[in-house]
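S.K.: Here it is, the structure in full.
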Amino acid sequence: MVVFEKDIKTLFTCKLKFKKDLEKNEFLDYDNGFLVGITEVFGVKLVARCEKYLRHLDGYELIIEKRGKKLTEYHYVESAFYGYVLTEAGYKINKITYVSPYYRTEINWQQYVTKMISELQSTLFAKGLEPKKNYMCRLCEYSFDCFEKLSETFSISVLHGVNEPTKKKMVEHGIKDIQDILVKKSEVIKLLGEVKGNRIISLARAIELKQPVLITKLDRKLKDGLILDIESLPEEDFDYLFGILDSNAYIPFFAESLENEKEIFQSVVKHIKNSNKVIYHFHNYEIQRFRHLNKKYSLGLKEEFYKLFVDVYKLVLNHLALPVPSYSLKTIAKFFGYNWRTDINGQSVMQVFKKYYETRAEEIKKLILIYNEDDVRATKLVLEKLVQLSETESA
Ligand code: SF4
């Protein structure tokens with residue numbers, strides 16, 4: 001079993017995921033300019049890999065880059081992990097500095113070593129860890145397993161999109177789990193109203209049956225359309241890829257640098273206008289970016305243009321109850337059988353693009369395009385399933 005420095009964040013967010021990851025972590029020999037240290041505690045290999053560091057006459061200074069606004073508890077323990085492992089491996093670590101666009105802080109890592117070791121020990125030997133919803137679940141590869149486990153308890157915590165006050169209200173009225181919802185349907189509707197109540201009952205049925213349940217049929221036939229997905233580098237305010245699926249053909253509009261973002265965006269707008277089709281996208285990111293770019297480059301797109309945008313996420317949320325851990329595109333499309341061809345996700349694609357920007361390696365660009373193409377094809381699949389269920393199921 002191997003623990004990497006990246007696993008410390010998980011240790012503080014979900015101990016269950018931390019332990020599952022350990023089984024899969026593989027140690028590969030690093031020879032890419034990283035400062036790498038290896039040591040062992042409790043029979044587990046600890047590996048710290050530091051990409052940015054300065055070698056001074058009296059030792060090393062590690063520079064750990066982050067993106068967040070402030071330091072949290074895990075950063076301190078992570079710094080102790082770097083310091084401890086690299087010191088044990090024979091490096092003299094004098095200074096560890098955490099840097100983000102919002103702060104630059106030196107951490108006195110030695111004072112967190114005891115905490116780091118005791119957190120590791122208690123988690124490594126912990127038994128019977130149970131899934132507990134947290135912000136990592138959305139992108140977690142174990143989310144389906146955890147969801148299934150939670151669903152078996154019939155806990156109302158698995159109901160997607162039901163906020164805490166609503167759950168509290170149900171519990172106060174004796175509707176404590178999924179089975180209660182299914183038995184006391186009229187009470188649920190009386191308590192929460194027709195629309196919300198029906199949605200919650202459909203969600204409960206979907207979980208009970210382990211299959212999609214139609215909440216309401218689509219009220220109109222969906223028009224033929226383009227499918228759009230944008231990839232961006234938020235810190236540079238740079239939308240570098242507009243992937244379009246047009247009649248099943250994938251067309252990437254790729255801006256090689258910020259300088260040609262405007263030209264690429266104009267080509268995308270031209271393609272949309274010429275196609276005379278609506279634009280399907282998942283969630284509101286795409287329309288937000290179009291509005292932003294229109295303003296940024298003073299292109300004069302009218303309100304009429306934005307009426308072409310159709311949010312597939314909203315359609316699914318309003319019409320389908322699904323037995324899934326989240327309503328993210330990845331989760332829903334995976335549920336319907338879509339297989340992504342890369343390991344990239346919404347977070348890591350930014351790092352992959354940065355790597356492309358530095359190296360201009362064609363194989364990295366190819367990976368980004370495959371990832372983006374998968375996103376638009378997955379959106380298409382979700383849309384098709386929605387139409388199919390709406391046509392065949394009775395609400
Ligand atoms: S899905 Fe959530 S609870 Fe389950 S392992 Fe992943 S992060 Fe933990």
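The values are calculated or read from the model by the stated rules, or taken from the named source; none is laboratory data. Predicted, not measured: the structure shown is a model, and the values here were computed from it. For neighbour counting, all protein chains shown are included, and Cβ atoms are generated from backbone atoms with ideal geometry for every residue, glycine included.
S.K.: Give 264, 251, 272, 287 a once-over and let me know the one that is in a strand (DSSP E or B), of a type in the set (A, V, I, L, M, F, W, C) and assigned by TED's automatic domain parsing to the domain that holds residue 379.
M.R.: When all the criteria are applied, what remains is 251.
S.K.: For residue 116, work out the one condition from (1) within 16 Å of the ligand (Cβ to nearest atom); (2) over 28 Å from residue 349 (Cβ atoms) it doesn't fulfil.
M.R.: Result: residue 116 fails condition (1) only.
S.K.: I've got another one for you. So which helices (runs of 4 or more DSSP H) are wholly in the stretch 290-395 and hold at least 1 residues that are farther than 23 Å from residue 254 by Cα and touching a residue at least 12 places away in the same chain (Cβ under 8 Å)?
M.R.: So the answer is 312-319, 329-335, 362-392.
S.K.: Filter the stretch 127-138 for residues that are surrounded by fewer than 18 Cβ atoms within 10 Å (Cβ to Cβ) and not hydrophobic (A, V, I, L, M, F, W, C); which is farthest from the ligand (Cβ to nearest atom)?
M.R.: Ranking the candidates gives 127 first.
S.K.: Quick check on my filter: what residues within the stretch 139-163 are under 22 Å from the mean Cα position of the chain (by Cα), without any contact (Cβ under 8 Å) to a residue 24 or more places away in the chain and more than 11 Å from the ligand (Cβ to nearest atom)?
M.R.: Listed by number, the list holds a single entry, 163.
S.K.: Could you give every pair whose Cβ atoms fall below 8 Å, whose first residue belongs to the stretch 1-23 and is under 14 Å from residue 79 (Cβ atoms) and at pLDDT 95 or above, and whose second residue is near the ligand (Cβ under 9 Å from one of its atoms) and part of a helix (DSSP H, G or I), counting only separations of at least 6 or pairs across chains?
M.R.: 11/18
S.K.: Across the stretch 1-18, which residue is surrounded by the most Cβ atoms within 10 Å (Cβ to Cβ) among those that are of a type outside the set (Val, Ile, Thr) and more than 9 Å from the ligand (Cβ to nearest atom)?
M.R.: That would be 11.
S.K.: Return a yes/no flag: does the stretch 364-381 have any residue that is at pLDDT below 95, out of contact with any helix residue (DSSP H, G or I) (no Cβ under 9 Å at 6 or more places or on another chain) and acidic (Asp, Glu).
M.R.: Within the stretch 364-381, none of the residues are at pLDDT below 95, out of contact with any helix residue (DSSP H, G or I) (no Cβ under 9 Å at 6 or more places or on another chain) and acidic (Asp, Glu).
S.K.: Would you confirm whether or not the stretch 241-257 contains a residue that is of a type in the set (S, T, N, Q), surrounded by 15 or more Cβ atoms within 10 Å (Cβ to Cβ) and more than 16 Å from residue 297 (Cα to Cα)?
M.R.: Taking every residue of the stretch 241-257 in turn, none turns out to be of a type in the set (S, T, N, Q), surrounded by 15 or more Cβ atoms within 10 Å (Cβ to Cβ) and more than 16 Å from residue 297 (Cα to Cα).
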